[in-house]
Structure formats: structure tokens, C-alpha cells
Amino acid sequence: MHDYSFPRAVCRSRAELFISYIDLYFSNHRKEGQIIFHAVSKDVPPGVPVDEMNLVSVNITIYDPDDCKVKDQQELLDKWIMRISNEAYAQGALLTQADTAILLGESTKTISRHIAALEEKGELVLTRGGRT
């Protein structure tokens, strides 16, 4: 093993960063059907340049066994939109409609149409760039 003569504080800090990385990406924090997605923190105000935005790692449930109980494709997409937007918000982030489209494999136009329909029904869909 090589001794690189780093100060103890640097070694401790790097070790803590490495452990937090391993914990985030390889621990049991995620359940089956979940992925980790990096979304913009809900505390970032509008107008902040993209390269200055604080990103938050969130667990997003792409598949849940209860999804199989939904018979209608439109209802299923609505359920997914509500679930992932609420999960992101609960973990301190807001998804954009583009994020949602990427995660669900749909077009942004389709996502926008579904969000508008959900809001007409009285649902609050929390998105970045939408109402919060």
C-alpha cells in the first residue's frame, strides 16, 4: 500500500465521501422497482442557470406491483405522474415535465396534457415550472 502523506482530515473527509457514495448507490435504501434520479432541489428559485442548480438524489419508483391492477393505460400514466412527482417532492426535489417524460418514456407533450387533465380534476401535480 502506498503512503501519499495526506493529512488525517483529508483522509477522513475522502473516506466519508466514499462511504456516502457507496451508501447512496449500493445500499438497501432503494426498493425493487426504484431508481436514483438527480433532480433540482425544490429550494432553487426560478432563473438560476442550470450549471448553478443544486441537485438532489431522489429514489423514484418506476414500477410498483400495484401498477398491474390498473386496467386503463391513461389511468396508469396519471398514477405514475402523481407518484414520481410526489416522491421527488417528499425528498426535497421538483421534477420538470421533461424529467417526467424521460423517466416514463413519454413525450413532454403527452406529460403536459396529462398534468393539465389531472389539475382539471383538482389534483395538485408538483413540478418545477408548474404550480407548487
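No lab work stands behind these numbers, since they all come straight from the coordinates. Only a predicted model underlies this, so the values are computations on that prediction, with no experimental measurement involved. Cβ: placed from backbone, ideal geometry, glycine included. Neighbour counts: every protein chain shown.
Of the residues in region 30-73, how many are surrounded by 12 or more Cβ atoms within 10 Å (Cβ to Cβ), free of Cβ contacts under 8 Å to residues at least 60 places away in the same chain and under 19 Å from residue 115 (Cα atoms)?
Qualifying residue count, region 30-73: 5.
Have a look at 44, 70, 48 and point out the one that is hydrophobic (A, V, I, L, M, F, W, C) and either closer than 23 Å to residue 32 by Cβ or in contact with a Leu (Cβ under 6 Å, 6 or more places away or on another chain) (or both). Give the steps one after another, and end with the answer.
Numbers: 44 fails: either closer than 23 Å to residue 32 by Cβ or in contact with a Leu (Cβ under 6 Å, 6 or more places away or on another chain) (or both); 48 fails: either closer than 23 Å to residue 32 by Cβ or in contact with a Leu (Cβ under 6 Å, 6 or more places away or on another chain) (or both).
Unique residue meeting the criteria: 70.
Inspect region 75-92 for any residue being out of contact with any helix residue (DSSP H, G or I) (no Cβ under 9 Å at 6 or more places or on another chain), not hydrophobic (A, V, I, L, M, F, W, C) and not in a helix (DSSP H, G or I) and give the result as yes or no.
Yes, region 75-92 contains a residue that is out of contact with any helix residue (DSSP H, G or I) (no Cβ under 9 Å at 6 or more places or on another chain), not hydrophobic (A, V, I, L, M, F, W, C) and not in a helix (DSSP H, G or I).
Looking at region 99-113 only, could you name the residues that are exposed (fewer than 15 other Cβ atoms within 10 Å of the Cβ) and either closer than 19 Å to residue 32 by Cα or under 16 Å from the mean Cα position of the chain (by Cα) (or both)?
If the condition is that a residue be exposed (fewer than 15 other Cβ atoms within 10 Å of the Cβ) and either closer than 19 Å to residue 32 by Cα or under 16 Å from the mean Cα position of the chain (by Cα) (or both), then 102, 105 are the ones that fit.
Which numbered condition in (1) outside any helix (DSSP H, G or I); (2) touching a Phe, Trp or Tyr at 6+ places or on another chain (Cβ under 7 Å); (3) not acidic (Asp, Glu) is the only one that residue 103 fails?
(1) is the only condition that residue 103 fails.
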